[in-house]
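Input: a single structure, listed below in structure tokens.
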Amino acid sequence: FSYWLLLMAVWGALTLVLVSGDLFTLYVALELLTFAGVPLVCLAGSGETLRAALRYMLFALCGSVLYLLGAVLLYGGYGTLDIPLLADAVQREPIAWTALALMTAGLLAKTALFPLHIWLPPAHGGAPAAASAVLSALVIKGSWFLVLRLWLDVMPGVASAPAAQLMAGMGAAAIVVGSVVALRQQRLKLLVAYSTVAQIGYLFLLFPLAFDAAGDMALREAAQAAGLLQAIAHATAKAAMFMAAGLVYAALGHDRIDNLAGAARALPVAVLAFLVGGVALMGVLPSGAYLAKKLLLASADASGQWWWTLVLQGGAAFTAGYVVLIAVRVLRRPAAPLSGLKPVSMLSQCAALGLALASLALSLAAVRGPLPAELIGNPLSLKELGNTLTMFALGALLASAVSRRPLFAAARVGDPASGDEGGDPLRRATVALGVAFEQADAFLRRWSSASLSLLSLAALFGGLLLVGAPK
């Protein structure tokens, strides 16, 4: 009963975020969204989930303070917070730079963009699967959507290309660090949580690609369309993956990755939903992520920002890494027949599969609208098949290199070893790199580190907005 009430609250708050045209009303909507999301984290009622919910609430409120401070500055400087009126009145001046820097940093904290992801892994790790699906698919999208409106609608003349490069650089770091740490996880739900950290990074690659080679925001329509497609594709696929992970836990009584052998035979629909959702996030035809990537690649080519092409193309290999890792684990024959399986609803499994298939086929619906149909090719062509197989091969190499146990090594009953010891020197080196990423992630998720990062990013955004202003 509590879950459905909170889901309705999330629905109402997110609707207000989407339709509001006033920055203070948007602040109220974001707070409603946060205070609907926090109880979802601790529905289980355990001490661990209560601590995760409190961490989420406190850090989100820190972001809210920065956002509200920026809104106060705008109201003091221009006498309005109405978006159309403010867009006409705002000027390139210190008060606008400061407000945009503060509001952007605060919203990034609520979105959990790396390195401001202090709350996201523990929140997803302890929340029920249905709650994690809502948090990942919907709640974090509210603050991201407001960043999009601030930069592209409210203050496009104040936003600068150097500040946009910083935001996308944080997104690229999220893709790399989140994916590597996901491969190091021992629990399926935490793997999906760190996958969310990585996938959030893709949502911020659009900001520098809205600028042309001259530094003007001339490509924002294509970049905005790509970002919205990516957000919808991520929402459907990630909700499917969280739901599938929860069903696996409910049936097996655990979600330890090394002990998932036989899960594909026991829960074929749920496992298929998980894998299809992962494939959709890779950006293969005809997924919505594929179409979003094509639009961003076109913007990168038009603006001459070739380095983001490498991030967009290489990010799929990281996604393929944890898809391959889970596929190998669940398809392996168990050493002994699975016992103690609990029945799970076939309707729930089919719902997860439906969401995954929706993400995989999203581009087919998109091309019937204003987007050009030539963006979609033949998924069975040699070129597309070659690209897909290449991504899977690179993903298998990544999974073999940094996962806790070698990709094709079977877990032994009662063996707690991670598999990091021994092996060839290359394996030891890549595992050591993965451990370093884990340690860096743990350091950045401390309160002191996260607070310092939040304030430093606000100052850095302000400086880059000033540097990027015309003389």
Tell me which residues, restricted to the stretch 309-338, are more than 22 Å from M241 (Cβ to Cβ) and either assigned to a loop (DSSP other than H, G, I, E, B) or open to solvent by less than 20 Å² (accessible area, probe 1.4 Å) (or both).
-> R333, P334, A335, A336, P337
Among (1) open to solvent by 10 Å² or more (accessible area, probe 1.4 Å); (2) of a type outside the set (D, E, K, R); (3) over 22 Å from F204 (Cβ atoms), which single condition is L40 missing?
-> (1)
From the residues in the stretch 412-471 that are modelled with pLDDT of 90 or more and in a loop (DSSP other than H, G, I, E, B), which one is nearest to L116 (Cα to Cα)?
-> R445
Close pairs from the stretch 47-66: first without any contact (Cβ under 8 Å) to a residue 60 or more places away in the chain, partner hydroxyl-bearing (S, T, Y), Cβ under 9 Å, at least 6 apart = M57/T34; A60/T34; A60/S143; L61/T34; S64/Y27; S64/T34
Checking A172, A222 in turn, the sole residue that is under 18 Å from the mean Cα position of the chain (by Cα) and assigned to a helix (DSSP H, G or I) turns out to be A172
Of all residues in the stretch 200-219 being open to solvent by less than 10 Å² (accessible area, probe 1.4 Å) and in a helix (DSSP H, G or I), which is nearest to L150 (Cα to Cα)?
-> F207
Could you name every one of the helices (runs of 4 or more DSSP H) located completely within the stretch 54-160 that has at least 2 residues being open to solvent by 40 Å² or more (accessible area, probe 1.4 Å) and within 17 Å of L460 (Cβ to Cβ)?
-> 94-111
So L272, is it assigned to a helix (DSSP H, G or I) and open to solvent by 40 Å² or more (accessible area, probe 1.4 Å) = yes
In this structure, is V197 out of contact with any strand residue (DSSP E or B) (no Cβ under 6 Å at 6 or more places or on another chain), in contact (Cβ under 8 Å) with a residue 60 or more places away in the chain, open to solvent by 10 Å² or more (accessible area, probe 1.4 Å) and more than 19 Å from L464 (Cα to Cα)?
-> no
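This table checks each residue for (1) of a type in the set (D, E, K, R); (2) over 15 Å from S132 (Cα atoms).
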| site | (1), (2) |
| --- | --- |
| L18 | no, yes |
| D22 | yes, yes |
| V28 | no, yes |
| L40 | no, no |
| L58 | no, yes |
If a residue has to be within 17 Å of K294 (Cα to Cα) and either modelled with pLDDT of 90 or more or hydrophobic (A, V, I, L, M, F, W, C) (or both) to count, how many in the stretch 344-377 make the cut?
-> 12
Selection count, the stretch 248-267, where residues are open to solvent by 10 Å² or more (accessible area, probe 1.4 Å) and either farther than 14 Å from I326 by Cβ or among the polar types (S, T, N, Q) (or both) | 6
In the set L407, L380, L398, L394, the lone residue that is of a type in the set (A, V, I, L, M), modelled with pLDDT under 85 and open to solvent by 40 Å² or more (accessible area, probe 1.4 Å) is L380
Confirm whether H254 is out of contact with any Pro (no Cβ under 7 Å at 6 or more places or on another chain) and at pLDDT below 90.
-> yes
Residue pairs within 6 Å by beta carbon, gap of at least six or interchain, first lying in the stretch 152-164 and in contact (Cβ under 8 Å) with a residue 12 or more places away in the chain and β-branched (V, I, T), second surrounded by fewer than 19 Cβ atoms within 10 Å (Cβ to Cβ) and outside any helix (DSSP H, G or I), listed first then second, are V158/R92
Among the residues of the stretch 10-35, which ones are closer than 13 Å to K110 by Cβ and free of Cβ contacts under 8 Å to residues at least 60 places away in the same chain?
-> Y27, E31, L32, F35
Being touching a Pro at 6+ places or on another chain (Cβ under 8 Å) and open to solvent by less than 10 Å² (accessible area, probe 1.4 Å) is the filter here, so list the residues in the stretch 175-193 that pass it.
-> A193
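The values are calculated or read from the model by the stated rules, or taken from the named source; none is laboratory data. Just so it is clear, the structure is predicted and the values come from calculations on it, not from any experiment. With ideal geometry, Cβ positions are generated from the backbone for all residues, glycine too; neighbour counts draw on all protein chains shown. Each accessible area value is taken on the protein alone, full model and side chains, heavy atoms only, with ligands, DNA and RNA left out. Shrake-Rupley method; radii C 1.70, N 1.55, O 1.52, S 1.80 Å.
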